[in-house]
Every structure is written in C-alpha cells, then in structure tokens.
Amino acid sequence: MKKILIIDDEVNVAQLLSKFLSRNGFEVSTASSGTTGLELLKNNDFNLVLCDFRLEDTDGREMLKQIKAQYPQTGVIIITGYSDIKMAVELIKMGAYDYITKPLYPDEILNTITKAIETHHALVEDHQPATTYQISSENKKQSISGMVMGSSKASKELARQIELVAPTNYSVIILGESGTGKEEAAKSIHLQSPRRNQPFVAMDCGSLTKELAASEFFGHEKGSFTGALATKIGHFEMANGGTLFLDEVGNLSYEIQAALLRTVQERKVKRIGSTKEIDLDVRIIVATNENLQDGIQKGRFREDLYHRFNEFTIYMPPLRERGTDIMILAEHFLRMSNQELNRNVTSFSPAVVECFMNYRWPGNIRELKNIIRRAALITEGNEISVKALPLEISNYGAYKAPSFDQAGSDNSTSNAPEVKEHRHDLKNAALEAEYDTILRVLKEVSYNKTKAAEILKIDRKTLYNKMKAINMK
C-alpha cells in the first residue's frame, strides 16, 4: 500500500483529504505544520507528500528543499491558492512533481496523485545504481540510467543510439510497437542529458480530446472559457528547462498540430486567455506506434511538424526480436514483483522459460511485466510453473505440424499433430482460436482497435471485453 503524507494547517481540509485517499487504497498520515511533517518523514517512509504552500511555520519552497535534500526518493505535490501560480511553476522546476489548486476536486487529486506515484517510482528506479538489477552470471546485461538493457544485438544498438543522442538538444522521434518501452527510453535520454536535474514531463496524446488538447499543452487562465474555474499551467510550461515527452503524437488533431508547430518554432507559449508570452527552453521527445510518413501522405499529420521533430529517430525493437533479453527482463520484473508483493519467488521452471522464448509477445515488455506480476502473485512455492501462466502463453505453439518428405508422405510418428493433454478441452481450443483471430486482425490494422472491431463485426466495447477475457493487453 502506497503511503502519503498530507501537510496542511487547515485541519478540516487535511482530514477530508485523508479520508478520501484512505477510501481509495492509500495509507495516509497528516501533519498541521512543517515541523510536524518533517518529524513524520524522519520516522516513516512515504511515497508522496502533499504539502500546502502556505504553512504557519514555513512555506512550500522551504519544505520542498528539505524534503528533496533529505528524502530524494519521496515525491512532492504542492497544494496552492490561485495567487500562488507563479510560485508553483518555480517549485516544479525545483523538483515538485505537480501542483493542485484550491478548491480541491476529488477526481483531479486522485489522477494527479496516481500519476505522481507511478512517474516518481520509475524515475527513482532510473537513479538507482546498476547493481540493483544484477542477474545471474549467464545473463549479463547493460543498464543505462536504470533502463534495463540486454545482451542482444538489438539492445546493444538501442543503447548506442540513446548514448549518442542524449547529450545533445536534438528533438527525437521514438518509433515502436505498443509496450516496447518508448517512455523508458525517453526517460533514459533525459537522465543522460544536461537537463537531468530539470523536469521530465510525460503527456499521453492518445487520451486527449480535441477540446482539451490546447489547455493541456499551453495552459489557461481562470475564466478564459466555460469550465475554466482556475488557472492551469500547461505541459510546455511545466517542462520548461527540461524534457517534454509526447506519447502517441500521431493521434493529435490537425488543428492542434498547427498550434504545436508554432510553439516549437517560436519557443514561446501563451496560456489560453492570456496576452503574456512565456519563453521556452524545452527538449521534445515524441513517440508513436504509427507510421507518421503514411499519416503525412494521407493528410493526417503535418509534414513541417514531422521534420521539426525528426532531428533523430530511435527504433524500439519488439520483444520477440530481442532473444535472450526476454529472460533478463523477466528476472528483473520478478525481483520488482517480489518487492511489491513481499514474496520470495526466485526462479522460472524450464517449461516456463520455453514458453516465454516461443511466445510472440504482441504486448511486448508491458505484457511480460503484467504476466510476471500475475504469476508471482498466484505462485505458492518459489518457482513459477506453467500453470501460473495465462492460457494464451501456456497454449501458444502447442500444436506441432506434421512434417512431409519430398513425396508428400507424413514422416511424423502419427498422422495427427501432437497435442498437449489440456488441448482436448473444447473451451480452451475455442479461446485460443478467438485469440489467434483477434491478434491476426489487430496486426493487419496496426493495432487500431476501431478498425479491428469493424473487421471482426463486433463493436469496440465487445472487442475490449474479449481482449480482457483472454488477457490480451
């Protein structure tokens, strides 16, 4: 359970926030002063601190300095009033993850806290020494700023490209299938760059609606449009001095691409409803699993914006092309799962290793991580066995096609293909057939779920439910 410390001299606000977060699965402590908060930090390990900017005995700037100096692995979110927006920007540059303006809205708080814990956890891993990830002597690997690398040719080339571009100010396009670790590569570039001590701000363009995109990118002033109840700092401003990572950039509308191009060219940003321009010094890294050149040809992506981004391109190899790296990553995720679940699962059975090496991994590294977290949870002993794996992995490649000589005779020991015993289960066979069909169609449409649903003659929601049922990420 993640631990959060709330430091706020308004006791009623702190208690309400504490009850809300406790109901959402967090372990919460509260302090009504900076002194009490620092005392609690001294005696407890917290994942995150929510600190009011205005305290009776100190302020948010001083608290942030002390927390960052003494407890660098603890994330900080500042709670601020409307008049403190400029200071909030300064605090973000000093190392705060984000800020929340009063009045507090439950959904916004929960979303910000969840993202803060996930992002800070990843960055803490990136700052840990490579020895944290050492594995068996047979599986030597490289570690670049905490990003788990492997010994395969594809991994070595990826490491070389990251090391080459990181010290520069080049904009970078990271290409690769979903789940290949594009954001981790972007973090690795940031942490090896001169901007490493400045903010790394990630933005998922795939989840943005056309209406909200401009506000998320550029921010807005209070009252600038219906629903603008408070001033909001945009992602460009939050990342000023550091790195802005735009994931799934190919999903942006053509209108937002035009505004984005203007900001990148002029290196200035203006909040919606404001006349003041803010100078920018931001390195931009974008990622996509789509072919942007194809998007240009079809008029979906601006060619001028593409060339602004494309100062350097990195290709993320799919997991199926990384050979023995699969088990290097598997052992790493197993150690992470043991720490998370307080378990002591130490190894994989030979049958599991064979399944992992034969499987195609359509969800790539993300799928592998989820599979191992699940297996570590349900494994009772200290070795993960095949029965802990999902059906699509344990059954993958179970049929062996008969071989034929040049005359066309069947040279196998039986006229029927060899079948694993549990394949006689009709339900399992039906599930596997459904899995294969869905996966084949997804690949044909470059994993566009809307198009896949049309081809499969089902609605998008049904497709999601079926993918969930067969554990396809």
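The values are calculated or read from the model by the stated rules, or taken from the named source; none is laboratory data. In this text, all values refer to a predicted model and were calculated from it rather than measured experimentally. Cβ sites come from the backbone with ideal geometry, for glycine too, and all protein chains shown count toward neighbours. Side chains are part of the model used for accessible areas, which takes the heavy atoms of the whole protein and leaves out ligands, DNA and RNA. Shrake-Rupley method; radii C 1.70, N 1.55, O 1.52, S 1.80 Å.
Miscellaneous remarks
- Taking θ as phi - 60° and the Karplus parameters 6.51, -1.76 and 1.60, the scalar couplings of the stretch 270-282 work out to 10, 4, 4, x, 10, 9, 8, 8, 10, 5, 10, 9, 10 Hz in sequence order, x denoting glycine and proline.
- Taking all protein chains into account, the per residue accessible area for the stretch 2-96 stands at 48 Å² (1.4 Å probe).
- Estimated translational D of the stretch 232-311 in µm²/s (Stokes, Kirkwood radius over Cα pairs; 4 °C; 1.567 mPa s): 97
- Net charge of Cβ neighbours under 9 Å - reference G241; Lys, Arg +1; Asp, Glu -1: +1
- Long-range Cα-Cα pairs in the stretch 168-305 (distance over 25 Å), rounded percent: 26
- Counting only DSSP beta bridges whose two residues both lie in the stretch 216-365, roughly 40 percent are antiparallel.
- Gained length - E56 relative to D436, 0.36 nm times residue gap less alpha-carbon distance: 130.6 nm
- The stretch 233-365, relative contact order in percent, only Cα pairs under 8 angstrom and at least six apart counted: 24
- Structural descriptor for the stretch 44-119: relative contact order 30 percent, calculated from alpha carbon pairs under 8 angstrom and at least 6 residues apart.
- Around K210: net Lys/Arg minus Asp/Glu count, Cβ-Cβ under 12 Å: -3
- Here the stretch 159-289 has 47 percent of its accessible surface on carbon and sulfur atoms, given a 1.4 Å probe and all protein chains in place.
- In the full protein context, the stretch 286-400 carries 48 Å² of accessible surface per residue, based on a 1.4 Å probe and ignoring ligands, DNA and RNA.
- For the stretch 303-371, relative contact order (Cα pairs under 8 Å, six or more residues apart, normalised by length) works out to 41 percent.
- Relative to the compact-globule estimate of 2.2 N^0.38 Å, the Cα radius of gyration of the stretch 233-384 comes out at 1.45.
- Per-pair calculated FRET efficiency, R0 = 41 Å: K457 and Y71 via Cβ, rounded to 0.05: 0.15
- Taking N as its residue count, the alpha carbon Rg of the stretch 300-395 over 2.2 N^0.38 Å: 1.38
- Model label sites at Y464 and N310, defined 7 Å from Cα along the beta-carbon direction, differ in position by 3.3 nm.
- Contour minus Cα-Cα distance for S347 and T114 (0.36 nm per residue): 80.8 nm
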